[in-house]
Amino acid sequence: MKFFLQDTKSSNGTFVNNQRLGKCNEESQPFEIYTGDIIQFGVDVTENNRKSNLDYLYIFLNIKTFYFSYT
């Protein structure tokens, strides 16, 4: 069994082991992921405007895949 991840036109990126899957606002090719891969959604962004300062922090996951056979 294989698992794949695809960036579907995100502006701040999807990364696997610090490698960006595709260009900004473009859909990436499916990328095979494995146990132990580090997946990151987005990058840290600080938005300053007259009303407020907003921080958007990225999300990261450490992937663990399991396969169970019921035979």
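No lab work stands behind these numbers, since they all come straight from the coordinates. Here the structure is a predicted model, which is why all the values come from computation and not from measurement. Note that we place each Cβ from the backbone using ideal geometry, even for glycine, and neighbour counts take in every protein chain shown.
Taking segment 1-18, which residues are exposed (fewer than 11 other Cβ atoms within 10 Å of the Cβ) and not in a loop (DSSP other than H, G, I, E, B)? Can you show your working first?
Taking segment 1-18 as the starting set, the residues that turn out to be exposed (fewer than 11 other Cβ atoms within 10 Å of the Cβ) are 1-2, 4, 8, 11, 18.
Correct list: PHE4, THR8.
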Inter-residue pairs, beta-carbon under 7 Å, first over 13 Å from ILE59 (Cα atoms) and in segment 9-22, second in a strand (DSSP E or B) and of a type in the set (D, E, K, R), 6+ apart: LYS9/GLU27
Find the residue count for segment 19-47, including only residues that are over 24 Å from TYR67 (Cβ atoms), among the acidic types (Asp, Glu) and part of a strand (DSSP E or B). 2
